[in-house]
Structures are given as C-alpha cells and as structure tokens.
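In what follows, a structure is listed as structure tokens, so that the remarks can point back to it.
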Amino acid sequence: MASVHTSVGPSISLFEKREELRRVLGSKYFANSPKKSRFLEFVSEQAFQGNGDKLNEYLIGVEVYDRGVDFNAQKDPIVRVQAHEIRRLLNKYYEENGRGGLIRLDLPSGHYVPVFRRSTSDEAAADAPPPLEDMPVQVPNRLHLVTLILGALCIVLTSLLVLSFWKGGQAAPARAQLTSLPEGIEWFWRPFLPPAEAPLITIPNHPLLRAAHDGDSTQTLAEGHEIPKASLPEFRDTIHFRELKRFVFVPSLTDFTSVGETLGVVNLCKMFASVGQGCRVQPSRLANFEEIKGDNAILQGGNQSWSGRVFLNVQGFQFQSGLILNRNPQPGEKEVYKPEFDPLTNQLTRDYALVLMLPNERKERRVLLIYGIYTQGSQAAIEYLTNPERMAELRKLLLDLSSDHKTIPPSFQVLLTTTVENAVPGKSSLVALRIIPN
C-alpha cells in the first residue's frame, strides 16, 4: 500500500468532502451495507453542519440504529462494533478502489467525527483526471441556475432575520413587561409568556429545488425533474426521503420558499416583544428532539425526522406527502384535504394548515406546531393565531367541546384553510377542530 499522509495544501471545501463521501458510499464496500452507510453518512453530515461535538454513541445508536430513548451504550456495544467495521472497510477501500485519490476520509479510532484530509500517494499522478480543457463541459440548465440563485438569496435573507431576532431574544429578558396581550389571544399564548423563558421558534429548511409531493397539481408534477434517491444521501434525514416514493424536484419561487414562515416569525416576535418576551429563532435542522422535549417550542414546517415522535396522533389529522389526512371524518368533513390550483395558470388558489397544541414532557411547557402544506398556509395560520377576534371564536368552540365547558383542553388540533391569490394568502377560516385525549 502506498503511503498516505496529510497534505499542507489548501483547505478542503464542503463540496469536495461531499463528493468523497459519495464515492465511498457508492463503493462495493458500503453499497450493500445500508446501516454502515447510514452510520458514515450521518456522522459526516453532522460534521458538515458543525455538530461534530454532539456526536456520541447514544446519538448514533438512537438515530442510526433505532435503539430508542432508553439506549444504553454500555450494555449494547452496537455503535462501537459498527465503527470498528467501518474503519476496516475504509482501509480496504483506500487500499483498492480509492488508491490515487486526492482526498481521504477517515474515522479515527475512539472518535465518531470523520476526518477529511488531502493525501499524496505513489499512484496519484497516474490516476489523476485529465485536464479540464480536455473534459466535456456540462452547461447547467438555466432554470436550475435561476432557482438556485433565488434560493440562495432566500437563505441569506432568512439568515439575517434569524440573526436579528436571535440578538433581540438575548436582550429581551432585560426589558420590563410593557403591556398585556388582548384577551382574545392571551389564553392561547399564556404558556409562552413571561415569566416563562423565551420560546424556541424554528424556521423550516427546504431544498432549493423542492421535492414534489401528492399535494401538487398534475401539471406541476409533469414539469418536475427526477433525481434518483440514491444520488441524494444528503436528504436521507428528511421526512421527504421517508414519505416520497420518488424524488421529483420542481423549481419554486413562491409556494415552498419558507417566506410565509419567516414573515410569521416576524409577527410572533413583535407580539412577544409587546409583553417583554424574547425570541429564540433557529433553523429546524439545528433543533434536536431532546432540546424540544424540555422546552417551550413553536415549530414551523414539521418536516424533520423527529416530527413524527412529537406529533403522532393517529385519531386526528395527519400530514403525509403534502396532504392532510382525516383519520376519523366527522359529518361534513373530507377524508383528505388537498391544495387547489387554478386550472389555467396552475397557481395555488387554496392552501390548508394544521395547528397542534400539546403539553411538553414538562407539563407546564408547550409544543406548538404550525404547519401549512405550502408556505402561504403557514403564514395565514400565524395571522389567525395572532388575531384576537378569530381566537376568541376558537376559544368558545374549544370550551363547547370540553367536558365541563369551562376548561380549555391542553391538547387540541385546528385545521385551517386560506385562499391564495398571486402567491399571497387571504383571510383564513377554521375547517375542523379536534380535542386530543390526554
């Protein structure tokens, strides 16, 4: 085996790291070992996202090997055994298929954070790729370029908003309580107000070319671009990967951009600031299940791998592949709620949103889910939840459904709908209401 050592050359870009990971996972040593591939992919993605310091046996056992929250790494050595096997397979790969590569991926013994390093070897020069001028150039599709550029701008703007509100949230607790919320909405938001800590608010992270789902129109699906799931391991942790049979991507400038959720965060933070409460805002991909369980949390999007653990309610409304399923339809209700589109322009004309309020693991804390099928539904739902007149009506309906007609149930679901015109939500209205048994 040729010697391989760390190079003092330029740093390794994220793109290069992902490409090396893709090559390793596509090799014969990992292609037929889904759990080992999942292990290596998971720890690599966590490292890419800056979460390497959080990687440990417990996290890997729960997220990769489905060991459950009671997993005891001391009694069950599955993670250590698999890590040893992965190191062995990596060595075999670089002894054979990976010889001459410019980058090497290692999983250091005793650690779970992968290391990417530039390497030199006796075979590197012989196996080097041809000069760029001799290689065919693939011209990117113009539509993809436009979508990616606009998507990047959305991310930059969202990041600026997140940073702004994060700073505001840090300073907010020092401010005196300025006023109280209107009576019509105070009953709903009381668990999130002082003296409680500032709630954690998440903004969903969607693909730039979003994954199409069953809620899309036939025309939208027909104009999509299919990419094999196996070539997109980065999305393996998303709910889309589990729910969607195929990955058909459609470019979107208005209906799946998280703009509605971001505007919703602005409204929520303004409301909280009016009573001296702060805002803690972060992308949902950085929020973990354990953090959510012990906190007041307002979750937008609901599209993370932990969502099902928090929002499992088999008797009520459920999201599945861009649809809202009604498991127990009441008189006048539908079994499936699906977005509507203009037959000529294919523009969204009606969206739906689900609101779910639950006690958290600590009963005085709450988890609130606000999830529109499209971003307009999310925006309309937050506008509904911050409107005193509409919320007074909701309070009355909840009291009517409660057993004593005096106490608002701690757990309930609200199904809302909104009209949409020119990608802007109109007035939302209540479709159905469910009390969730304790």
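The values are calculated or read from the model by the stated rules, or taken from the named source; none is laboratory data. Every value quoted in this text rests on a predicted model; they were computed, and no experiment measured them. A quick note on method: Cβ atoms are made from the backbone with ideal geometry, for glycine too, and the neighbour counts reach across all protein chains shown. The area values use the complete protein model at the heavy-atom level, side chains included, leaving out ligands, DNA and RNA. Shrake-Rupley method; radii C 1.70, N 1.55, O 1.52, S 1.80 Å.
Could you list, ordered by first residue, the pairs with Cβ atoms under 8 Å in which the first is in segment 71-91 and touching a residue at least 12 places away in the same chain (Cβ under 8 Å) and the second is among the β-branched types (Val, Ile, Thr) and in a helix (DSSP H, G or I), at least 6 apart or interchain?
Phe71/Val62; Ala73/Val79; Val79/Ile60; Leu90/Val24
Go through (1) closer than 30 Å to Ser252 by Cα; (2) modelled with pLDDT of 85 or more; (3) of a type in the set (Val, Ile, Thr) one by one and return the number of the condition Ile185 breaks.
All conditions pass for Ile185, except number (1).
Among Lys75, Lys92, which is the only one that is surrounded by fewer than 17 Cβ atoms within 10 Å (Cβ to Cβ), basic (Lys, Arg) and over 20 Å from Glu57 (Cα atoms)? Let's see the steps before the verdict.
Details: Lys75 fails: over 20 Å from Glu57 (Cα atoms).
Answer to the selection: Lys92.
Within segment 322-343, which residues are assigned to a loop (DSSP other than H, G, I, E, B) and farther than 15 Å from Val414 by Cα?
Answer for segment 322-343, where residues must be assigned to a loop (DSSP other than H, G, I, E, B) and farther than 15 Å from Val414 by Cα: Gly322, Pro331, Gly332, Glu335, Lys338, Pro339, Asp342, Pro343.
Take Phe42 and decide whether it is in a helix (DSSP H, G or I), at pLDDT 90 or above, more than 14 Å from Asp106 (Cβ to Cβ) and out of contact with any His (no Cβ under 9 Å at 6 or more places or on another chain). Break it down into steps so the answer makes sense when it comes.
On the way: in a helix (DSSP H, G or I): yes; at pLDDT 90 or above: yes; more than 14 Å from Asp106 (Cβ to Cβ): yes; out of contact with any His (no Cβ under 9 Å at 6 or more places or on another chain): yes.
Considered against the rule, which asks whether it is in a helix (DSSP H, G or I), at pLDDT 90 or above, more than 14 Å from Asp106 (Cβ to Cβ) and out of contact with any His (no Cβ under 9 Å at 6 or more places or on another chain), Phe42 comes out as yes.
Of the conditions (1) open to solvent by less than 50 Å² (accessible area, probe 1.4 Å); (2) at pLDDT 90 or above; (3) farther than 28 Å from Trp189 by Cβ; (4) among the hydrophobic types (A, V, I, L, M, F, W, C), Val336 fails just one. Which one is it?
Condition (1) is where Val336 drops out.
Would you confirm whether any residue within segment 382-392 is in contact with a helix residue (DSSP H, G or I) (Cβ under 7 Å, 6 or more places away or on another chain) and not in a helix (DSSP H, G or I)?
yes
Provide a single number: the residues in segment 27-36 that are in contact (Cβ under 8 Å) with a residue 12 or more places away in the chain and either part of a loop (DSSP other than H, G, I, E, B) or crowded, with 21+ Cβ neighbours inside 10 Å (or both).
Step one: of segment 27-36, the residues in contact (Cβ under 8 Å) with a residue 12 or more places away in the chain are 27-30, 33, 35-36.
Filter once more, keeping what is either part of a loop (DSSP other than H, G, I, E, B) or crowded, with 21+ Cβ neighbours inside 10 Å (or both): 27-30, 33.
Count: 5.
When Val62 is evaluated against the numbered criteria (1) free of Cβ contacts under 8 Å to residues at least 40 places away in the same chain; (2) not in a helix (DSSP H, G or I), which criterion, by number, is the only one it fails?
Every condition holds for Val62 apart from (2).
Is there any pair with a first residue in segment 334-349 that is more than 14 Å from His213 (Cβ to Cβ) and in contact (Cβ under 8 Å) with a residue 40 or more places away in the chain and a second that is assigned to a strand (DSSP E or B) and open to solvent by less than 70 Å² (accessible area, probe 1.4 Å) whose Cβ atoms are under 9 Å apart and which are 6 or more apart or on different chains, and what are they?
If the second residue must be assigned to a strand (DSSP E or B) and open to solvent by less than 70 Å² (accessible area, probe 1.4 Å), the pairs left are Gln347/Phe341; Gln347/Val420; Thr349/Phe341; Thr349/Thr419; Thr349/Val420.
For the condition closer than 22 Å to Phe319 by Cα and out of contact with any Lys or Arg (no Cβ under 8 Å at 6 or more places or on another chain), what is the one hit in Arg395, Arg366, Arg362, Arg390? Show your work before the answer.
Values: Arg395 fails: closer than 22 Å to Phe319 by Cα; Arg362 fails: closer than 22 Å to Phe319 by Cα; Arg390 fails: closer than 22 Å to Phe319 by Cα.
That would be Arg366, the only listed residue that is closer than 22 Å to Phe319 by Cα and out of contact with any Lys or Arg (no Cβ under 8 Å at 6 or more places or on another chain).
Being polar (S, T, N, Q) and part of a loop (DSSP other than H, G, I, E, B) is the filter here; which residues of segment 397-436 pass it? Lay out the reasoning, then the answer.
Pass one, segment 397-436, residues polar (S, T, N, Q): 402-403, 407, 411, 413, 417-419, 422, 428-429.
Across segment 397-436, the qualifying residues are Ser402, Ser403, Thr407, Ser411, Asn422.
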